[in-house]
Amino acid sequence: MSELCRPKRPARAEKSRQRMEERRRRLAAALRENLQRRKEQARARQAEAVAAGEAPPEASSE
């Protein structure tokens, strides 16, 4: 009878784990999207520099 009155903590822990896993997945997806966007921006800057007859930003020495 005491089993029926006890709160089920594993269920809470499982929900918490699921929330954390979902958050991790969303964060990973956002990081991938950000990396893709930054790569596209870098390619565009490099293409502009080449079109303008300048050295690409990565090759410039400062």
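Side notes on the structure shown:
- Arg17 vs. criteria at pLDDT below 95 and surrounded by 10 or more Cβ atoms within 10 Å (Cβ to Cβ): yes
- When restricted to residues that are of a type outside the set (Gly, Ala, Ser) and open to solvent by less than 100 Å² (accessible area, probe 1.4 Å), region 20-40 contains 7.
The values are calculated or read from the model by the stated rules, or taken from the named source; none is laboratory data. The structure presented is a predicted model; accordingly, all values stated were derived computationally and were not measured. Using ideal geometry, Cβ is built from the backbone for each residue, glycine included, and neighbour counts are taken over all protein chains shown. These area figures cover heavy atoms from the full protein model, side chains too; ligands, DNA and RNA do not enter into them. Shrake-Rupley method; radii C 1.70, N 1.55, O 1.52, S 1.80 Å.
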